[in-house]
Amino acid sequence: MSVLIVADHLGQGDSWTARLVGAARLLGSTVTVLVAGSGCQDAAVRLASLAGVDEVLYALHPAPVGVPVEDLAQLVLALAPGYTHVLATASTFGAELIPRVAAMLGVSPVTGVVEMSDRFTFTRPIHANGVLARLRVSSTPIFLTLQPWAFSSTGGSDGTPAPMRRIQDVPQLGLSWRMDFIPSTSIGQEDLSTAQVVVAGGGGLEKSGGFVPVQQLAKSLGGAVGASRAAVDAGLVPADLQIGQTGRSIAPKFYIALGISGAIQHVAGIKDAGTVVSINRDPQAPMAAMADLALTADLYEAVPALMEALGVK
């Protein structure tokens, strides 16, 4: 069996693609990565060095940044019959591309996959992550979007870059044109979707001392910054840091909630987290009840004390 990964080299970069490669090795005997766009050769070279990649295909397109999804879908449509599985991340990129190509072929994609029992059986969360559905697909090619946090990468370079091959240019349908790509001005140093430690803040920080303690603690622990919807709505952080039913689902080993009440919509995004710690002045907050460790305290006093106790700055 052979797997085609469509890489989002303008989005989360190589770290997410490496995790897709790790998942793809469980599915097929060969793994091919496709990158497309103007000047995508540099991305192709980087991805060719990832362990587990057997071949990298690259296709050019004159758009200044990225490739219009209508155009990229035509290219993937032409390539898909040569593979048993076609993968992308469960991100805006994958959500635009994979269902579109699957529909063109008259098949159903499986989106948001978090587990693969075998090459044809996949598990995805439904009902706001409250239920896991297991699906079995009988026809190929199988189109999947995967949650990167649920899979491990194959590691860095294996020392021998995979062969690279330029294929036909991406078709130009002229239906849309991406004029610019502006990466999020994320205040976190680590990728929220794959970080092993996440420190998140709630909307109550707006009226207190701001989001600084969240940033400081996350940085000192080498983790990522996250937020509840209330914090995003209050304008404290950008929307890409939102965790929950209408944001990201994450699975860090360690999750610290600072001033987060624990609404069910937020909890839906952390149900696969390991150890959950809550620091909140309200002892009746739902987050305190579901956390493994809960501290009733003012986070602006507790966080500096915690950092001092841990010997970090």
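Remarks
- Within region 1-149, all pairs of alpha-carbon atoms sorted by distance into 5 Å bins from zero give the percentages 2, 10, 21, 24, 22, 13, 6, 2, 0.
- Database remark: amide H of residue 63 closer than 5 angstrom to the amide H of 38 (H placed geometrically; neighbours at sequence offset of 5 or more, or on other chains; Pro and chain starts carry no H).
- Note: relative contact order over region 95-135, using C-alpha pairs below 8 Å and six or more positions apart, is 24 percent.
- Prolate/oblate/rounded label for region 193-313 (Cα gyration tensor, a/c 1.5): rounded
- The residues of the chain have, on average, 45 Å² of accessible surface per residue, using a 1.4 Å probe with all protein chains present.
- Where a label projected 7 Å from the Cα of residue 65 along Cα→Cβ would reach, residues of region 226-258 with amide N under 18 Å: 238-241
- Accessible-area value, residue 145, 1.4 Å probe, nucleic acids and ligands omitted, Å²: 10 Å²
- In the context of the full protein assembly, residue 271 retains an accessible surface of approximately 90 Å², using a probe radius of 1.4 Å and ignoring ligands and nucleic acids.
- For the pair region 77-135 and region 227-305, the centres of their Cα atoms are 29 angstrom apart.
- Looking at region 106-178 alone, DSSP beta bridges between its own residues are antiparallel in about 80 percent of cases.
- Region 1-41 - percent of accessible surface contributed by carbon and sulfur, probe 1.4 Å: 47 percent
- Span-rule helices in the chain, defined as complete DSSP H runs reaching 20 Å or more along the axis (Cα) with Kyte mean at least 0.5: 92-105
- Whole-number percent relative contact order across the chain, with pairs defined as alpha carbons under 8 Å at least 6 apart: 15 percent
- 5 angstrom amide H check on residue 190, placed H, neighbours 5+ away: 225
- R0 of 30 Å, Cβ-Cβ distance residue 1-residue 307: FRET efficiency to nearest 0.05: 0.05
- Tensor-based shape of region 89-182 (alpha-carbon gyration tensor, a/c under 1.5 rounded, otherwise prolate or oblate): oblate
- FRET efficiency, 1/(1 + (r/R0)^6) with R0 22 Å, evaluated for residue 123 and residue 293 via beta carbons: 0.15
- Spin-label pair residue 164/residue 191, simplified geometry with 7 Å Cα→Cβ offset, distance in nm: 2.0 nm
- Potential lengthening of the chain between residue 135 and residue 253 amounts to 39.8 nm, from the contour at 0.36 nm per residue minus the alpha-carbon distance.
- Length-normalised contact order of region 215-313 in % [C-alpha pairs under 8 Å, at least 6 apart]: 22 percent
- Normalised by 2.2 N^0.38 Å, where N counts its residues, the alpha-carbon radius of gyration of the chain equals 1.07.
- For residue 245, distant residues with modelled amide H under 5 Å away: 266, 268, 269
- Annotation for residue 275 and residue 92: the two label points, set 7 Å from Cα along the Cα-Cβ direction, are 3.5 nm apart.
- DSSP bridge analysis restricted to the chain gives an antiparallel fraction near 15%, rounded to the nearest 5.
- Shape class for region 26-72, computed from the alpha carbon gyration tensor (a ≥ b ≥ c): oblate, with a/c not under 1.5 and a/b at or below b/c.
The values are calculated or read from the model by the stated rules, or taken from the named source; none is laboratory data. Keep in mind it's a predicted model, so treat the numbers as computed, not measured. Note: ideal-geometry Cβ built from the backbone for every residue, glycine included; neighbour counts use all protein chains shown. Accessible surface areas use protein heavy atoms only, side chains included; no ligands, DNA or RNA. Shrake-Rupley method; radii C 1.70, N 1.55, O 1.52, S 1.80 Å.
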